[in-house]
Amino acid sequence: MQLTITNLNKTYANGVQALKDVNLTIEQGMFGLLGPNGAGKSSLMRTISTLQEPDTGEISLGDINVLTQKEEVRKVLGYLPQEFGVYPKIDAETLLDHLAVLKGITNRKERKEVVETLLQKTNLWQARKKNLGGYSGGMKQRFGIAQALLANPKLIIVDEPTAGLDPAERNRFLNLLSELGENTIVILSTHIVDDVKELCKDMAIINRGQVMYKGSPDDAINEIGGKVWKKRITKAELEDYKSNFNVISDRMVAGEPVIHILADSQPDGGFASIEPNLEDVYFSKILAA
Ligand code: ADP
């Protein structure tokens, strides 16, 4: 199964063009959709999830026309929104069981099995009797995945899932996602470069509604190999460097800015060539928008 997005455009009533001629083909496995806040990620995810309409364009999921066969999409879609609201006074097992009924798993024995399997898979079995209000951020996200998996989805969309998780919770969550990726399309929408670097063999970078890159993280890194240069400068020099060079990032290291520049050859003697990473790719593509 393949998700194909063709010439997708969306302008909101306030005039913001959130999607500009987006074209993407997404295969099974983990796909990273990377972009800064406001890039258009949620607009794209909501459109694929049948929650909003584009102005023009087409989306197909295998044989399903996503924009016209919404019910068909919903049957095979697991969607985990940014903020997964839960009922705080109900325990995980009861809520999952209830959601399973709503999904049409009416046979009690079958439902018990499905609920148990999902609670174990998401590592919530020990906490199944605990009220969701007492869950940590990571546990809530894992519960979100459990409910998204109820329908045995072919397409799973997770929107900014690791925001607010501590490192251990984030790891647990990402491992869970990567297990799902093998025979499902999993789209991980995020502004966190590391989430994509660790898990996705295919990705897109979007900014201002436009696809700036589509391909593997490794290819993207190779593309800028030998072209990223690093220099430690003073704070007073920063603005000058920004206006004279293609500065893709600057960050403070021990109180002084260290800048990365994208250039075909060494900009001046003070620059050292560095092995680029996905963050360098990300910043260089974002700046190009
Ligand atoms: P992201 O998920 O990457 O942060 P969004 O898709 O939420 O990006 O937003 C893309 C742009 O569209 C932003 O400029 C945002 O302010 C705008 N936008 C999003 N939703 C709406 C809406 N319902 N009405 C008007 N503008 C919106």
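The values are calculated or read from the model by the stated rules, or taken from the named source; none is laboratory data. Being a predicted model, the structure only gives us computed values, none of them experimental. Note that we place each Cβ from the backbone using ideal geometry, even for glycine, and neighbour counts take in every protein chain shown. We work out accessible area using only protein heavy atoms, side chains counted, and drop any ligands, DNA or RNA first. Shrake-Rupley method; radii C 1.70, N 1.55, O 1.52, S 1.80 Å.
Filter the range 25-46 down to the residues that are farther than 15 Å from V66 by Cα, within 8 Å of the ligand (Cβ to nearest atom) and hydrophobic (A, V, I, L, M, F, W, C) and list them by number. Within the range 25-46, A39 is the sole residue that qualifies. If you go through the range 1-24 and keep only what is within 13 Å of the ligand (Cβ to nearest atom) and either in contact (Cβ under 8 Å) with a residue 40 or more places away in the chain or in contact with an Asp or Glu (Cβ under 8 Å, 6 or more places away or on another chain) (or both), you end up with L8, N9, K10, T11, Q17, A18, L19, K20, V22.
Considering A289, A254, the condition of being surrounded by 14 or more Cβ atoms within 10 Å (Cβ to Cβ) and at pLDDT below 95 is satisfied by A289 alone. One residue alone among E58, E71, E27, E53 is touching a helix residue (DSSP H, G or I) at 6+ places or on another chain (Cβ under 8 Å) and open to solvent by 80 Å² or more (accessible area, probe 1.4 Å), and that residue is E53.
Residue count for the range 54-79 satisfying the condition of being within 16 Å of the ligand (Cβ to nearest atom) and out of contact with any Leu (no Cβ under 7 Å at 6 or more places or on another chain): 2.
Screening the candidates V196, V186, V211, V158 for the property of being under 20 Å from M30 (Cα atoms), in contact with a strand residue (DSSP E or B) (Cβ under 6 Å, 6 or more places away or on another chain) and open to solvent by 10 Å² or more (accessible area, probe 1.4 Å) yields one hit, V211. Looking only at residues of the range 117-137 that are among the small types (G, A, S) and part of a helix (DSSP H, G or I), we find that the one that is nearest to A148 (Cα to Cα) is G137. Restricting L102, L132, L51 to residues that are more than 17 Å from the chain's Cα centre (by Cα), free of Cβ contacts under 8 Å to residues at least 60 places away in the same chain, within 16 Å of the ligand (Cβ to nearest atom) and farther than 22 Å from S178 by Cα narrows the list to L51. Of all residues in the range 162-177, those satisfying the criterion of being open to solvent by 60 Å² or more (accessible area, probe 1.4 Å) and either modelled with pLDDT of 85 or more or outside any loop (DSSP other than H, G, I, E, B) (or both) are P167, N171, R172, N175.
Checking each residue in the range 6-22 for being under 17 Å from G215 (Cα atoms) and more than 17 Å from the chain's Cα centre (by Cα) picks out only T6.
Do we find a residue being surrounded by fewer than 20 Cβ atoms within 10 Å (Cβ to Cβ) and either within 16 Å of the ligand (Cβ to nearest atom) or of a type in the set (F, W, Y) (or both) anywhere in the range 216-230? No, the range 216-230 contains no residue that is surrounded by fewer than 20 Cβ atoms within 10 Å (Cβ to Cβ) and either within 16 Å of the ligand (Cβ to nearest atom) or of a type in the set (F, W, Y) (or both). Residues that are farther than 20 Å from N152 by Cα and exposed (fewer than 14 other Cβ atoms within 10 Å of the Cβ) within the range 108-135 comprise Q126, K129, G133, G134, listed in sequence order.
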